[in-house]
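**Q** Have a look at this one before I ask anything.
No value in this document is a laboratory result; all are computed from the given coordinates. Just so you know, these numbers come straight off a predicted model, no measurement behind them. Here Cβ is always computed from backbone atoms with ideal geometry, including for glycine, and neighbour counts include all displayed protein chains.
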């Protein structure tokens, strides 16, 4: 039996999604995780493979979300960009100027992970993603 490593995926745009430091899902969450993992990487050598996700476009979002939902998020990002402040879609979900790219990066990481596991490249995958949005309670 061939040993397969675990994959660790985190798109760099995830850290740009800005909910504000007072929000539980703030920018430091994934930075802390990535830093801790990097510190443990020598011990994890061979068992965890850091992977850079492939890029995707809006079509990837539209495979699983309605055009109306995608337009709502894009509109909130436009508003956050114009005002310089996060916009609340609901009490738990904030959108910032960089959230669109963070969402695309998160989708890219999930797709890359699923393909890699399905193709037998990794035994499993951990995708560190921001923003979690409505997926955090799904």
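**Q** For a quick check, take a GNM of the chain with Cα springs below 10 Å and name the residue from 77, 48, 64 with the largest mean-square fluctuation.
**A** Of the options given, 64 has the highest mean-square fluctuation.
**Q** Let me ask another. If each of residue 31 and residue 126 carries a label point 7 Å out from its Cα toward its Cβ, how far apart are those two points in nm?
**A** 2.0 nm
**Q** Same structure, new question: Find how many whole Å separate the alpha carbon centroid of the range 2-41 from the alpha carbon centroid of the range 43-88.
**A** What the calculation gives is 15 Å, centre to centre.
**Q** Between residue 4 and residue 71, what's the calculated FRET efficiency when r is the beta-carbon distance and R0 is 25 Å? Round to 0.05. Present the calculation step by step, with values, prior to reporting the outcome.
**A** Working: r = 40 Å, r/R0 = 1.59.
Here the calculated transfer efficiency is 0.05.
**Q** Measure nothing fancy, just the Cα-based angle from helix 67-83's long axis to the longest principal axis of the chain, in degrees from 0 to 90, nearest 10.
**A** The angle comes out at about 70 degrees.
**Q** Ok, one more. Suppose we keep just the alpha-carbon trace of the range 1-58; what are its Rg and Dmax in angstrom?
**A** My reading of the Cα-based Rg and Dmax gives 14.3, 48 Å.
**Q** Fewest to most neighbouring Cβ within 10 Å: what's the order for 129, 66? Walk me through the numbers before you get to the answer.
**A** Working: 129 25, 66 10.
Ordered from fewest to most neighbouring Cβ atoms within 10 Å, 129, 66 come out as 66, 129.
**Q** Residues in the range 103-131, backbone N under 14 Å from the label point at residue 23 (7 Å along the Cα-to-beta-carbon vector): list them, ranges by number please.
**A** 103, 130-131
**Q** How much of the DSSP beta bridge set in the chain is antiparallel, as a percent to the nearest 5? Write out the running numbers ahead of the final one.
**A** Working: 3 of 11 bridges.
Given both bridge residues lie in the chain, the antiparallel proportion sits at roughly 25 percent.
**Q** Here is a further query. Computed from the mean reciprocal separation of all distinct C-alpha pairs, what Kirkwood hydrodynamic radius does the range 51-100 have, in Å? All intermediate terms of the calculation are to be shown ahead of the outcome.
**A** Values: mean 1/r = 0.0847 Å⁻¹.
Hydrodynamic radius (Kirkwood, Cα pairs) of the range 51-100 is 11.8 Å.
**Q** If you rank 15, 6 by fewest surrounding Cβ atoms within 10 Å, what's the result? Don't skip to the answer; put the middle values down first.
**A** Working: 15 19, 6 15.
By the 10 Å Cβ count, ascending, the order reads 6, 15.
**Q** While we're here: For 81, 2, which order do you get if you count the other beta carbons within 10 Å of each Cβ and list the fewest first?
**A** Values: 81 16, 2 5.
Ordered by Cβ neighbours within 10 Å, fewest first: 2, 81.
**Q** Moving on to the next point. Could you give log10 I(q)/I(0) at q = 0.13, 0.18, 0.21 Å⁻¹ for the chain, computed by the Debye formula over C-alpha point scatterers of equal weight, without solvent?
**A** -0.59, -1.03, -1.27
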